[in-house]
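Structure first, commentary second.
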Amino acid sequence: QVQLVESGGGLVQAGDSLRLSCAVSGGNSSLYTMGWFRRAPGKERAFVATTSWIDRRVDRSTKYADSVKGRFTISRDSALNTVYLDMSSLKPDDTAVYYCAAGRLGWDREHQYNFWGQGTQVTVSS
């Protein structure tokens, strides 16, 4: 079975950068749409970013929530079977538990993903 393990979260200051990693086992991440979601305190889990190999056109291979466009980048390392979320210019509003997800056919909706990691905490201080 597919297993996802997030890592890289921590406490940072506003304006800092951070890289989150999602290690995939039990399956080839290149065959899945991979996504990042987050749950901020007192809020519902929300879409952050996704990357897909189904359509390699630039405007379809990745998608970002408006709140993170220009600041976050999602990428893959097929050799390590790992997906990354590079975050820059972090804001206190980015504070949340970040979840990695995988789906055979997914995009920006939570129900489109079949496998989920346990989450990693990111806290951004002002």
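The values are calculated or read from the model by the stated rules, or taken from the named source; none is laboratory data. Owing to the predicted nature of the structure, the values given are computational and were not obtained by experimental measurement. Methodologically, a virtual Cβ is constructed for each residue, glycine included, from the backbone with ideal geometry; neighbour enumeration extends over all protein chains shown. For the accessible areas, the whole protein counts, side chains as well, though only heavy atoms, and no ligand, DNA or RNA atoms are used. Shrake-Rupley method; radii C 1.70, N 1.55, O 1.52, S 1.80 Å.
Leaving ligands, DNA and RNA out of it, work out the accessible area of Arg104 with a 1.4 Å probe and give it in Å² to the nearest 10.
Approximately 140 Å² of Arg104 is accessible to the 1.4 Å probe.
How large is the Rg to Rh ratio of the chain when both quantities use alpha carbon positions and Rh follows Kirkwood? Don't skip to the end; give the middle numbers.
Working: Rg = 13.5 Å, Rh = 14.3 Å.
Answer for the chain: 0.94.
What is region 33-126's relative contact order, in percent, from Cα pairs under 8 angstrom and six or more apart in sequence?
Working: 183 pairs, mean separation 28.7, N = 94.
That works out to 31 percent.
Pop a pseudo-label 7 angstrom from the Cα along the beta-carbon direction at both Asp16 and His111 and give the gap in nm to one decimal.
Result: 3.8 nm between the two label points.
Residues of region 34-126: accessible area per residue at 1.4 Å, in Å²?
Numbers: 4970 Å² over 93 residues.
Normalised by residue count, the accessible surface of region 34-126 is 53 Å².
Starting from the Cα of Ala40, step 7 Å along the direction of its Cβ; do the same at Ser125; then give the gap between the two resulting points in nm.
In this crude spin-label approximation the distance works out to 2.0 nm.
Using mean Cβ contacts within 10 Å as the protection proxy, how do 40-51, 91-102 order, highest first? Walk me through the intermediate numbers first.
Details: 40-51: 15.7, 91-102: 19.8.
Listed from highest to lowest mean packing, they are 91-102, 40-51.
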